[in-house]
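**Student:** Dumping the structure here so I can ask a few things about it.
The values are calculated or read from the model by the stated rules, or taken from the named source; none is laboratory data. Here the structure is a predicted model, which is why all the values come from computation and not from measurement. Cβ placement follows ideal geometry from the backbone for every residue including glycine, while neighbour counts extend to all protein chains displayed. SASA here: full protein model, heavy atoms, side chains in, ligands and nucleic acids out. Shrake-Rupley method; radii C 1.70, N 1.55, O 1.52, S 1.80 Å.
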Protein chains: 2
Amino acid sequence: MRFPKLFERLATLVPLPPEEWAKAEAVAKEQSLAKRELFMRPGDAADRFAVVLQGVFRGVRVSPRGVESIKAFRAEGELIGAYAEMLQRLPSMTAIEALEPSHVLVFQTQDFQKLERGHVCWERLARRVAEQHFVLKERREQEFLELSAEERLVKFWEEHPHLKGRIPQRDVAAYLGITEVALSRIMSRRRKRTE
Amino acid sequence: MRFPKLFERLATLVPLPPEEWAKAEAVAKEQSLAKRELFMRPGDAADRFAVVLQGVFRGVRVSPRGVESIKAFRAEGELIGAYAEMLQRLPSMTAIEALEPSHVLVFQTQDFQKLERGHVCWERLARRVAEQHFVLKERREQEFLELSAEERLVKFWEEHPHLKGRIPQRDVAAYLGITEVALSRIMSRRRKRTE
DNA sequence: ACCTGGGCTTGACCTGGGTTAAGGCGGAGG
DNA sequence: CCTCCGCCTTAACCCAGGTCAAGCCCAGGT
């Protein structure tokens, strides 16, 4: 077993026999990415995903008008991939970019489907993953509906303290749905208020 | 089989043996709701959900400050329930209210879990449901990130033409994340522009 | 026919964030 | 050492949307 920690983490979600995990490790490939390197680019087939072993990624979507917005940051132990597009069998509309030199464990969805056919535990895991992603997205929706940009900022750092210092400010802005200028103003406002 | 249409719809998502569906129908209860009646209120245990047979519902969340925002509208064939809270085993934080005299088919999550233990098809269905909900929420997130209120409005009516005339305008505003005043202004702006 | 209330509109005023453009600052490379 | 670049900040101006308040329209009830 090459990744016992990862196995443990997944086994807390769903009963996962070690021999099934061994099969998964057999089809997974490790990949290293330099800072700024893309794990996936828009237009790519959404036919693979990965677990982050080391590093931070951002999922970026560029709107027709050319505005970058950020769907999510992903760090150690989290999944990267164009999940929504994969489910809809569409080509990826997002770029997934390493913000640091990173290291990931890649799965082809095809291989994963083979695992699913072999044992229900994989389907159960996939369900758990879908449910967790849903809960996160709904939380974010709620934030857009009832919080101001400043409140969203505060909440962001409360919920992602491990990203402190690892992501540029402009990306935080693009995650919050505002410009870097607005974010800078919000921060100076807060500095003044509490100085 | 009391609800053959519903069975057909679900069977397109996942292979669903008719005898399993019969078991589901056996535990389901029909319920009628008057206009404005609540299917679920904040604080209720999130231990049941329903399929809408007739009518329209809104999922409302009231923020600590007392601002109502609307998470979703649900019409015929769709599910109602405090899904995120159910997954997290939390009490419901949303009210689900009938906007018309409505008719639903109610399941207790407990009963549904029993079905799941009896046949994998129910787990597969639950996975599909989670995935679809995720895709919808992600789409909405994207809209908040890259569209103006006016563009969100246009998109809303494109995607929900069947709700035309069935939901009050203030609720559309609360869904878009703006006030009814702002929505009214947007509409008059559009009227002028295209008159 | 008259009230009444709910839902929508409109106006006046304010604020937050977008846009554009001009610095500031620190680190990497010459 | 200086320069360049990437990243952040600040300022000036504009506009969308929030807030508060008044008014309109119309359906239902008496």
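**Student:** Just to be sure I understand the filter: pairs with C-beta atoms under 6 Å, separated by 6 or more residues or on different chains, first member in the range A:60-84 and in a helix (DSSP H, G or I), second member β-branched (Val, Ile, Thr). Which pairs pass?
**Tutor:** A:Ala84/B:Val135
**Student:** Let me spell it out: the conditions are (1) more than 13 Å from DNA strand C (Cβ to nearest atom); (2) at pLDDT 95 or above; (3) open to solvent by 30 Å² or more (accessible area, probe 1.4 Å), and A:Glu195 meets all of them except one. Which number is the exception?
**Tutor:** Of the numbered conditions (1) more than 13 Å from DNA strand C (Cβ to nearest atom); (2) at pLDDT 95 or above; (3) open to solvent by 30 Å² or more (accessible area, probe 1.4 Å), the odd one out for A:Glu195 is (2).
**Student:** Among the residues in the range B:58-78, are any more than 10 Å from chain A (Cβ to nearest Cβ), of a type outside the set (Lys, Arg), touching a Phe, Trp or Tyr at 6+ places or on another chain (Cβ under 6 Å) and away from DNA strand C (no atom under 16 Å from the Cβ)? Reasoning before the result, please.
**Tutor:** Looking only at the range B:58-78, we keep the residues that are more than 10 Å from chain A (Cβ to nearest Cβ), and these are B:58-60, B:66, B:73-78.
Now narrow it down to the ones that are of a type outside the set (Lys, Arg): B:59-60, B:66, B:73, B:75-78.
Narrowing the set further to residues that are touching a Phe, Trp or Tyr at 6+ places or on another chain (Cβ under 6 Å) leaves none.
No, the range B:58-78 contains no residue that is more than 10 Å from chain A (Cβ to nearest Cβ), of a type outside the set (Lys, Arg), touching a Phe, Trp or Tyr at 6+ places or on another chain (Cβ under 6 Å) and away from DNA strand C (no atom under 16 Å from the Cβ).
**Student:** Moving to a separate point now. Find the residue count for the range A:41-72, including only residues that are of a type in the set (D, E, K, R) and under 14 Å from the mean Cα position of the chain (by Cα). First the steps, then the outcome.
**Tutor:** Going through the range A:41-72, the residues of a type in the set (D, E, K, R) turn out to be A:41, A:44, A:47-48, A:58, A:61, A:65, A:68, A:71.
Going one step further and asking which of them are under 14 Å from the mean Cα position of the chain (by Cα), we end up with A:48, A:58, A:61, A:71.
Summing the residues that are of a type in the set (D, E, K, R) and under 14 Å from the mean Cα position of the chain (by Cα) in the range A:41-72 gives 4.
**Student:** Next question, about the same structure. Determine which member of the set B:Phe107, B:Phe144 is of a type outside the set (A, V, I, L, M) and within 16 Å of DNA strand C (Cβ to nearest atom).
**Tutor:** On the way: B:Phe107 fails: within 16 Å of DNA strand C (Cβ to nearest atom).
B:Phe144 is the lone residue from the list that is of a type outside the set (A, V, I, L, M) and within 16 Å of DNA strand C (Cβ to nearest atom).
**Student:** Write out, first by first residue and then by second, each pair whose Cβ atoms fall under 7 Å of each other, whose residues are 6+ apart or on separate chains, and whose first residue, in the range B:138-161, is small (Gly, Ala, Ser) while the second is in a helix (DSSP H, G or I).
**Tutor:** Note: pairs meeting the criteria are B:Ala149/B:Leu176; B:Ala149/B:Ala182; B:Ala149/B:Ile186.
**Student:** Now, a different point. Spot the failing condition for B:Arg185; the list is (1) open to solvent by less than 60 Å² (accessible area, probe 1.4 Å); (2) within 8 Å of DNA strand C (Cβ to nearest atom); (3) over 15 Å from B:Glu68 (Cα atoms), and only one is missed.
**Tutor:** Unmet for B:Arg185, out of (1) open to solvent by less than 60 Å² (accessible area, probe 1.4 Å); (2) within 8 Å of DNA strand C (Cβ to nearest atom); (3) over 15 Å from B:Glu68 (Cα atoms): (1).
**Student:** If you don't mind, there's one more thing I want to ask. Could you list all residues from the range B:3-51 that are touching a Cys at 6+ places or on another chain (Cβ under 8 Å) and either surrounded by 15 or more Cβ atoms within 10 Å (Cβ to Cβ) or closer than 26 Å to B:Lys71 by Cα (or both)? So that I can check it myself, show each step before the final result.
**Tutor:** Within the range B:3-51, the first condition is being touching a Cys at 6+ places or on another chain (Cβ under 8 Å), and the residues that meet it are B:14-17, B:20.
Within the range B:3-51, B:Val14, B:Leu16, B:Glu20 qualify.
**Student:** If we keep just the residues of the range B:163-188 that are assigned to a helix (DSSP H, G or I) and either at pLDDT below 95 or among the polar types (S, T, N, Q) (or both), which is farthest from A:Phe144 (Cα to Cα)? Show your work before the answer.
**Tutor:** At the first step, the residues of the range B:163-188 found to be assigned to a helix (DSSP H, G or I) are B:163, B:169-176, B:180-188.
If we keep only those that are either at pLDDT below 95 or among the polar types (S, T, N, Q) (or both) as well, we get B:169, B:184, B:188.
Working: B:Gln169: 20, B:Ser184: 21, B:Ser188: 25 Å.
Here the residue is B:Ser188.
**Student:** Could you check how many residues of the range A:144-180 are loosely packed, with under 13 Cβ neighbours inside 10 Å, within 13 Å of DNA strand D (Cβ to nearest atom) and closer than 17 Å to A:Ala98 by Cβ?
**Tutor:** 2
**Student:** If B:Ala50 meets every condition in (1) within 14 Å of chain A (Cβ to nearest Cβ); (2) among the small types (Gly, Ala, Ser); (3) in contact with a Phe, Trp or Tyr (Cβ under 7 Å, 6 or more places away or on another chain) apart from one, which number is that one?
**Tutor:** Exception for B:Ala50: condition (1).
**Student:** Residue by residue through the range B:86-122, note down the ones that are in a strand (DSSP E or B), open to solvent by less than 60 Å² (accessible area, probe 1.4 Å) and within 23 Å of B:Ala174 (Cα to Cα).
**Tutor:** Selection gives B:Ala95, B:Ile96, B:Glu97, B:Ala98, B:Ser102.
**Student:** With respect to A:Ser102, is the statement that it is more than 18 Å from B:Ala130 (Cβ to Cβ), within 14 Å of chain B (Cβ to nearest Cβ) and among the polar types (S, T, N, Q) true?
**Tutor:** Working: more than 18 Å from B:Ala130 (Cβ to Cβ): yes; within 14 Å of chain B (Cβ to nearest Cβ): no; among the polar types (S, T, N, Q): yes.
So A:Ser102 fails the test.
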